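The values are calculated or read from the model by the stated rules, or taken from the named source; none is laboratory data. Remember, it's a predicted structure, so these values are computed and weren't measured experimentally. When we count neighbours, we look across all protein chains shown, and the Cβ atoms used for this are built from the backbone with ideal geometry, even at glycine.
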């Protein structure tokens with residue numbers, strides 16, 4: 001599968017746990033940690049500085065983005081959805097296995113694709129307008145909200161407050177961290193928005209969970225033993 005490679009460096013195989021290089025606020029990393037935690041995976045979380053990435057991370061995945069999972073056998077998975085797929089597929093909890101069908105469901109895949117592309121495009125330009133030349137943050141806020149309104153309608157007409165009618169799917173797990181990021185830009189405005197009432201209730205079900213507090217615990221930045229020669233990227 002795309003995003004999965006193997007590492008020959010035996011240094012990456014030491015220890016009894018898999019390793020996840022992560023950044024606490026990154027929505028891609030959040031959804032990977034969420035799946036790993038709910039699927040009961042024993043993983044060492046290593047919080048990294050994005051402006052001073054440890055050499056171990058760059059050796060494992062030269063593109064240098066998080067999350068990156070290094071399994072005990074040296075296999076590297078450096079795409080968040082692939083990490084989620086692995087966690088669910090190998091989970092000892094059979095109740096999680098039902099989420100696997102979402103990876104092959106056309107409609108679920110389209111919704112995740114909308115999040116990872118269209119919504120993320122507007123979210124970045126709303127949140128970080130100074131990073132882009134000649135853009136209006138408010139215009140991108142409006143376009144992002146149009147997508148959120150569609151998701152709100154999905155949840156409104158679902159049976160159990162999910163993005164799809166029957167039950168929680170991989171789409172819910174994949175998308176809520178990005179809605180969280182949108183909300184944080186202006187939480188007062190988001191929480192008072194009557195057009196997003198159902199979406200807010202859906203998001204709150206994740207933010208108020210015990211699992212959320214576990215995966216969002218603040219960690220000290222991981223210090224590499226090779227810190228003196230860390231590569232900046």
>> Suppose we filter region 208-233 for residues that are in a helix (DSSP H, G or I), touching a helix residue (DSSP H, G or I) at 6+ places or on another chain (Cβ under 8 Å) and modelled with pLDDT of 95 or more; how many remain?
In response: 4
>> Which residue is farthest from the chain's Cα centre (by Cα), if the candidates are limited to region 171-192 and must be under 19 Å from residue 137 (Cβ atoms) and touching a residue at least 40 places away in the same chain (Cβ under 8 Å)?
In response: 185
> Out of 224, 220, 174, which single residue is farther than 27 Å from residue 119 by Cα and buried (at least 16 other Cβ atoms within 10 Å of the Cβ)?
Replying inline: 224
> Just one of 154, 46, 125 is surrounded by 17 or more Cβ atoms within 10 Å (Cβ to Cβ), assigned by TED's automatic domain parsing to the domain that holds residue 191, modelled with pLDDT of 95 or more and out of contact with any helix residue (DSSP H, G or I) (no Cβ under 7 Å at 6 or more places or on another chain); which is it?
Replying inline: 154
> What number of residues within region 1-28 are in contact with a helix residue (DSSP H, G or I) (Cβ under 7 Å, 6 or more places away or on another chain) and modelled with pLDDT of 95 or more?
Replying inline: 6
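Matching residues to (1) buried (at least 19 other Cβ atoms within 10 Å of the Cβ); (2) outside the structural domain of residue 224 (by TED's automatic domain parsing):
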residue	(1), (2)
53	yes, no
74	no, no
81	yes, no
109	no, yes
> All but one of (1) in a helix (DSSP H, G or I); (2) surrounded by 14 or more Cβ atoms within 10 Å (Cβ to Cβ); (3) modelled with pLDDT of 95 or more hold for residue 98; which doesn't?
Replying inline: (3)
